[in-house]
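Chemist: Supplied in structure tokens, the structure appears directly below.
The values are calculated or read from the model by the stated rules, or taken from the named source; none is laboratory data. As the structure is a prediction and not an experimental result, all values here were calculated from the model. Every residue, glycine as well, gets a Cβ built from its backbone with ideal geometry; the counts of neighbours run over all protein chains shown. SASA here: full protein model, heavy atoms, side chains in, ligands and nucleic acids out. Shrake-Rupley method; radii C 1.70, N 1.55, O 1.52, S 1.80 Å.
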Amino acid sequence: MKNKMHKDEIPINIELVRNLVDNKFPHFANLSLRRLSASGSSNVQFRLGEGLLIRLPRQPGGSAAIEKEERWTPIVGSHLPVAVPKFVGSGEPAFGYSERWSIVRWLDGEHPKVCYPNEPPSEKRSQLADELARVVLALRSIDVPQVAATNSQLRNYRGCALIDYDKQMQHNIEQCRAIDGLNLDLDAVLLIWKNALALPGASEIESDQWYHGDLVAENLLLTTGQLTAVLDFGGLGVGDPSIDLHGVWELLDSPAREAFRVKVGVNNAEWLRGRAWALAVAIMTFPYYWNTMPNRMKSRLAMAQSVLVDAD
């Protein structure tokens, strides 16, 4: 299968999607349809006409994320200072496809460029730091209702205490040691991770808060240089919000990171937990997507290398 990323990947082609759309939404039957080359790791994406986007889970069980997004994105998104994908509708399994899928409004913009280690400070990075901080602060200000706090769909490993991810992290590091061409000091990664496990809040969650879970370049959109949208709420959850700090080591230079930290008001322990999550997100990515998502590999490597430079 072309562009196969997962062993259990569901076959998805344009004929299938055309049938799904025309059957569920016949009023869209006259709209053009094309597959996007920038489809993500969790969903295959198709542009429908000029104003719509179709997202179809790549793997069995992906319906859960679609359902979560459809229920909670409008609620959380209404509190954010940027746009979020607006749901138009969703479809049920049909024509041999086993998952639910969704149609959302198309959002224009371009992804911010990844910030590579030792890149000269930039006013654009400082502006992004300010805008991203506003998003994170808005997320953290949203009340967590009991129905959300007890919803298992909103409990994700990225919102757990670091110690709960330790076994997987050490397994991922060992897998990375077998990757030929991975230019990363894995012993340094392991040391930073182990030190992070001794931090306050690393053994148990201090307070439940909303988090996006993946605030990185591929999930942000800029318009004329300004942050205007956050995408992909499949990782939305309730738990330790330090995970929402990890993307700053991919997106921001050192002065911009510090400005972000000050604006959000993050204490040292949470900041270092976020830094540990930046390593964890990178390390989990390399063994799985090394041969299938080269652009993501470059981004995650830059993120991990920025952490190591930051820790020197």
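Chemist: Could you report the chain's accessible area per residue, 1.4 Å probe, as an integer in Å²?
Modeler: I get 45 Å² per residue for this part.
Chemist: Solvent-accessible area of residue 187, probe 1.4 Å, all protein chains present, reported in Å² to the nearest ten, please.
Modeler: About 100 Å², ignoring ligands and nucleic acids.
Chemist: Counting only DSSP beta bridges with both residues in the chain, what percent are antiparallel, rounded to the nearest 5?
Modeler: 95
Chemist: Right, something else. I'd like to know how region 57-194 sits against the 2.2 N^0.38 Å rule of thumb: what's its Cα Rg over that expected value?
Modeler: That works out to 1.37 for region 57-194.
Chemist: May I pose another question? What percentage of the solvent-accessible surface of the chain, computed with a 1.4 Å probe over protein heavy atoms, is contributed by carbon and sulfur atoms?
Modeler: 49
Chemist: Would you mind checking which residues have amide H under 5 Å from residue 44's amide H? H placed 1.01 Å from N; only 5 or more apart, or other chain.
Modeler: Residues meeting the criterion, in which the H sits 1.01 Å from N, are 56, 58.
Chemist: For region 219-246 and region 69-129, what is the centre-to-centre distance using only Cα atoms, to the nearest Å?
Modeler: Region 219-246 and region 69-129 have Cα centres separated by 7 Å.
Chemist: Spin-label point model (7 Å from Cα, Cβ direction): what's the residue 88 to residue 157 distance in nm?
Modeler: Result: 3.5 nm between the two label points.
Chemist: Hey, could you pull the Cα Rg and Dmax for the chain, both in Å?
Modeler: Both quantities, over Cα of the chain: 19.4, 58 Å.
Chemist: Continuing with this model, one more query. Take every DSSP beta bridge whose two residues both sit in region 80-238, then give the antiparallel share in percent to the nearest 5.
Modeler: Roughly 90 percent of the DSSP beta bridges within region 80-238 come out antiparallel.
Chemist: Here's something else I'd like to know. Within region 139-182, list the residues whose amide N lies under 12 Å from a label point set 7 Å along Cα→Cβ of residue 116.
Modeler: none
Chemist: Highest first, please rank the peptides 134-142, 253-261 by the mean number of other Cβ atoms sitting within 10 Å of their residues.
Modeler: 253-261, 134-142
Chemist: Under 5 Å between amide H atoms, partner at least 5 residues away or on a different chain: which partners does residue 228 have, H built in plane at 1.01 Å?
Modeler: HN-HN under 5 Å from residue 228: 221, 222, 223.
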